[in-house]
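This report concerns only the one structure given below.
The values are calculated or read from the model by the stated rules, or taken from the named source; none is laboratory data. Note that this is a predicted model, so its numbers are computed, not measured. Backbone-built Cβ (ideal geometry, glycine too); neighbour counts: all protein chains shown. Note: areas computed on protein heavy atoms with side chains; ligands, DNA, RNA excluded. Shrake-Rupley method; radii C 1.70, N 1.55, O 1.52, S 1.80 Å.
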Amino acid sequence: GEAETELSDNMFGNNYANTNFDYFHGGASGGGKPPPILEPELAKFFIVLAATQTELAISTVHEEWYVQAKHAKMLNDAYNGGTTQVMIFFTVSDSRHIQGAALMTSEAVNQGEGVLRDDIAKNTPPEFQFTYRLTVEWYRTTEFPIATAIEAAPDLFLPTSKTELCQDMTSKTGESLMKALWNSPLVTLYESWSQDDDREPPAADSLLTDFRCPPPDEVPWPVLPGPGFIFGCSSDTMDECLGKGILGMPAHMKAAAQWIVPGSSVFLFNVTDRLLFGIFEALTPAAMNIEPTAFSKNPKATSSPFPVQIRVRVSLECPPLEDTDPILNDILRSRGKSGRIGALTFAQTEAIASLLASQ
């Protein structure tokens, strides 16, 4: 088969790691502008797969993106010297969400050598290298479930690392996706927040568009940064959770748990002590009654009070976070009064995992 360049976190070497630019302000470039395309039937639409959230954070600041030669040709043909509006939607690998939309503002031009790290470039045929740079203007940063996107635009064909990293779509599909995306809330795609940060966290009612990139020396967490989940326990059930490696929720939360897949990051909130524990990794999807009598106080019980269950293992043992932790509260501020337990966005999962790992 043909050589494939797998997307990876650090394939672009250290282009940006040494810069002091503060990506925290990058969100302004996705700050909820109105949709720029008024005649969708005359525009062109694409969806691109990014390796990491960090790449998107960098893109919103530098207003640029890199693609392979074949996709550069596809985008340039569509852009047609700037006579056609070209919107690019972005999705991060494995996130099952669309993270935003930008307009192409230049042709993709080959930058030649030096874009990829030498050891990767050496083993990658030139046509598979990400050496074509285009400039973009970000219009919206969001966390839009792909399942919802497909309901809105049934003909949407998604990019994957096994097929193409950039897919085109009809203007009708593009218009439907654009409308759906602009109807979904702006979100904070947090990357990380270090303890010694001297800035105030954004106000709860500020436009949720701030990005932040991790410093180069930050320890990455060892699980897939897909959408995660916070399960609950009490001091009575915590030992059983950890002892059996099983977490449970009441039956009415079955729908909320549908995003959990093997590899998802999972956290455990002890409602008695108000402490958040992690980082766990899901070993199974959520299912009903993996252990039919788990968490029941009555030895004769025939059912579990928490039948929506997953098996987990500890992927990184960290000291627990206090419920009052200001950074934790900032990450979860979009939850409002709905409490701790439930699904997390891709970005919240990354941020909480970083916060636990950095203690």
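Laid out as a table, the results:
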{"read-out": "Residue match in the range 49-61 (condition: touching a Ser or Thr at 6+ places or on another chain (Cβ under 7 Å), open to solvent by less than 30 Å² (accessible area, probe 1.4 Å), part of a loop (DSSP other than H, G, I, E, B) and modelled with pLDDT under 50)", "value": "no"}
{"read-out": "Residue in the range 83-90 that is touching a residue at least 12 places away in the same chain (Cβ under 8 Å), under 20 Å from Asp168 (Cβ atoms) and not hydrophobic (A, V, I, L, M, F, W, C) present", "value": "yes"}
{"read-out": "Those residues of the range 282-328 which are touching a Pro at 6+ places or on another chain (Cβ under 8 Å), without any contact (Cβ under 8 Å) to a residue 60 or more places away in the chain and not in a loop (DSSP other than H, G, I, E, B), in sequence order", "value": "Ala282, Met288"}
{"read-out": "Leading residue by the ranking (farthest from Pro305 (Cα to Cα)) among those in the range 243-262 that are of a type in the set (A, V, I, L, M, F, W, C) and free of Cβ contacts under 8 Å to residues at least 60 places away in the same chain", "value": "Val261"}
{"read-out": "Matching residues in the range 297-317 - criterion: being within 22 Å of the chain's Cα centre (by Cα) and modelled with pLDDT under 90", "value": "Ser315, Leu316"}
{"read-out": "Any hit, the range 250-263, residues being crowded, with 16+ Cβ neighbours inside 10 Å, out of contact with any Lys or Arg (no Cβ under 6 Å at 6 or more places or on another chain) and modelled with pLDDT of 90 or more", "value": "no"}
{"read-out": "Per-region count, the range 95-113, residues in a loop (DSSP other than H, G, I, E, B) and in contact with a helix residue (DSSP H, G or I) (Cβ under 9 Å, 6 or more places away or on another chain)", "value": "7"}
{"read-out": "Where a residue in the range 229-242 is closer than 14 Å to Ala256 by Cα and its partner, wherever it lies, is crowded, with 17+ Cβ neighbours inside 10 Å and at pLDDT 90 or above, with Cβ under 6 Å and at least six apart", "value": "Phe229/Val266; Ile230/Phe267; Ile230/Phe269; Phe231/Leu247; Phe231/Leu268; Gly232/Phe269"}
{"read-out": "Residues of the range 271-293 satisfying the condition of being over 14 Å from Thr349 (Cβ atoms) and touching a Phe, Trp or Tyr at 6+ places or on another chain (Cβ under 7 Å)", "value": "Phe277"}
{"read-out": "Sole residue being open to solvent by 30 Å² or more (accessible area, probe 1.4 Å) and within 16 Å of Gly232 (Cα to Cα), chosen from Phe295, Phe277, Phe267", "value": "Phe277"}
{"read-out": "Within the range 217-247, considering residues that are in a loop (DSSP other than H, G, I, E, B) and open to solvent by less than 20 Å² (accessible area, probe 1.4 Å), the one modelled with the highest pLDDT", "value": "Gly245"}
